[in-house]
Amino acid sequence: MIILRLALQSLQNRWLSALLTVLAIAFSVMLLLGVEKVRNGARDSFANTISGTDLIVGARSGSLQLLLYSVFRIGNATNNFTWKSYSEIAKHPDIAWIVPISLGDSHRGFRVLGTTSDYYRHYRFRGGNTLEVASGELGTDLFDAVIGWDVAARLGYQVGDRIVIGHGLGSVSFVEHDDKPFRVAGILAKTGTPVDRTVHVSLEAIEAIHVGWQSGASVPGESATAEEVRAMYLQPKAITAALVGLKSKLAIFRVQRQINEYRAEPLSAVLPGAALQELWGLVAIAETALAAVSAMVVATALLGMLTMILTALNERRREMAILRSVGARPATILGLLAAEAGFLTAAGVVTGTGMLYAALFLLRPVLDRQYGLNLSIAPPTAAEGMTLAAIVLAGFIAGLVPALLAYRRSLADGMTVRI
């Protein structure tokens, strides 16, 4: 207790340098824990994007690519597969429900997804939550569109507004289906998933806007007006992918194998969870690099603390000598400086942890709304607690360097005035 009291009084006399040291350690700890929180939050947000879907079916491609373009709207499909194959797969006795999706068009940088009403009924996210309409309705007309929350917020759309779908996936489309505009029938509630950044229309609408189109361009003389296409048979010839739910989880691998061996055309059926694990394997290097950078920042802060104590050590030679002259043993001097370092590190860790949770409390709604990143405000995990304890221990050990130097100095050296 005496050593701790002396350490606190000594730091109080040097409050400015001590405060700066504590803040440096606090910001480094905040960065270290913040990177871990963001990493876990990103994983959870990705994993919670889709739930309750047992298989994703698409044209033959890699499992990760199929997951990215069908669920996260990242990248492009290698190919479509025929409606005939989709219809055959839908008749499989183990399949409880199947939802077709068609991609390939966009609206001012946001993906357009063609699907059926089953999409709103079966799509699940964040552990079973369903899609809800914030305003308007799902729409029943051929040219009704249901837009995600981010689409409405960024483009300022309201229910009833007219929108035009562009051909292709560019943020600026040079070819638009302006002869067949859509009406915003509904706006979906915020989900924190790619659904927020998607314009949803019917499969028939996707076919309707491409009547008279070939190879990405309108064929002269073969176009049809919006009223003319309403009387046409608009069943799609091909779709991009399909989300599948099974009656029993025990049938997943059997159905997956049967779809992968489908003879009519090459198809792939992937498990969303397995594809996500593949994604984590790809980004593991980047995660390790971020963790390493954060650890180096912490090490830099501890080195700054060590430098501060060493710089002040020569100025405190007379203080140490006075303590020795009144009966303090060399071990007391060693303990004093080590306690100062340990106290500074512990104060930095506590302050940095508090700053992180304050930042999470303030920024969590913004990150969820703007980026779909759901960061949980939970107590530090056991691993994080061990990391913080290791930082405090490292600070204490770092303080042993100047402490040993002071320990070895003699009383005569401390009382000698050097010119």
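The values are calculated or read from the model by the stated rules, or taken from the named source; none is laboratory data. This one's a predicted model, so the numbers in the text were calculated from it and none came from an experiment. For neighbour counting, all protein chains shown are included, and Cβ atoms are generated from backbone atoms with ideal geometry for every residue, glycine included.
Scanning the stretch 137-189 for residues that are at pLDDT below 85 and more than 14 Å from HIS107 (Cα to Cα) returns GLY139, ASP179.
Can we say ALA269 is modelled with pLDDT of 70 or more, assigned to a helix (DSSP H, G or I) and either in contact with a strand residue (DSSP E or B) (Cβ under 6 Å, 6 or more places away or on another chain) or not assigned by TED's automatic domain parsing to the domain that holds PHE72 (or both)? So ALA269 fails the test. If only residues of the stretch 256-298 that are farther than 21 Å from THR240 by Cβ and hydroxyl-bearing (Ser, Thr, Tyr) are counted, the one that is surrounded by the most Cβ atoms within 10 Å (Cβ to Cβ) is SER294.
The single residue among LEU356, LEU373 that is modelled with pLDDT of 75 or more, within 22 Å of the chain's Cα centre (by Cα) and closer than 21 Å to ASN40 by Cα turns out to be LEU356. On the basis of being out of contact with any strand residue (DSSP E or B) (no Cβ under 7 Å at 6 or more places or on another chain), in the same structural domain as LEU404 (by TED's automatic domain parsing), modelled with pLDDT of 70 or more and hydrophobic (A, V, I, L, M, F, W, C), does ALA328 make the cut? The answer is no for ALA328. A search for C-beta distances below 9 Å between a residue of the stretch 28-46 that is closer than 13 Å to THR288 by Cα and any residue that is part of a helix (DSSP H, G or I) and among the polar types (S, T, N, Q), counting only pairs 6+ apart in sequence or on different chains, returns LEU32/SER294; LEU32/THR387; VAL35/SER294; GLU36/SER294; GLU36/THR387.
When each of ALA264, ALA208, ALA242 is tested for being out of contact with any Phe, Trp or Tyr (no Cβ under 8 Å at 6 or more places or on another chain), assigned by TED's automatic domain parsing to the domain that holds ALA152, modelled with pLDDT of 85 or more and under 21 Å from PHE81 (Cα atoms), the lone residue that passes is ALA264. At negative phi, in contact with a strand residue (DSSP E or B) (Cβ under 6 Å, 6 or more places away or on another chain) and modelled with pLDDT of 90 or more: is that true of PRO100 in this structure? Criteria met by PRO100. Looking at this structure, is PHE110 closer than 13 Å to PRO194 by Cβ, in contact with a Lys or Arg (Cβ under 6 Å, 6 or more places away or on another chain) and of a type in the set (A, V, I, L, M, F, W, C)? Yes: the conditions hold for PHE110.
Within the option set VAL57, VAL71, being at pLDDT 95 or above, in contact with a helix residue (DSSP H, G or I) (Cβ under 8 Å, 6 or more places away or on another chain) and surrounded by 19 or more Cβ atoms within 10 Å (Cβ to Cβ) holds for one residue only, VAL57. Hey, can you tell me all the residues within the stretch 133-162 that are surrounded by fewer than 18 Cβ atoms within 10 Å (Cβ to Cβ), among the acidic types (Asp, Glu) and touching a Lys or Arg at 6+ places or on another chain (Cβ under 8 Å)? Matches in the stretch 133-162: ASP141, ASP161.
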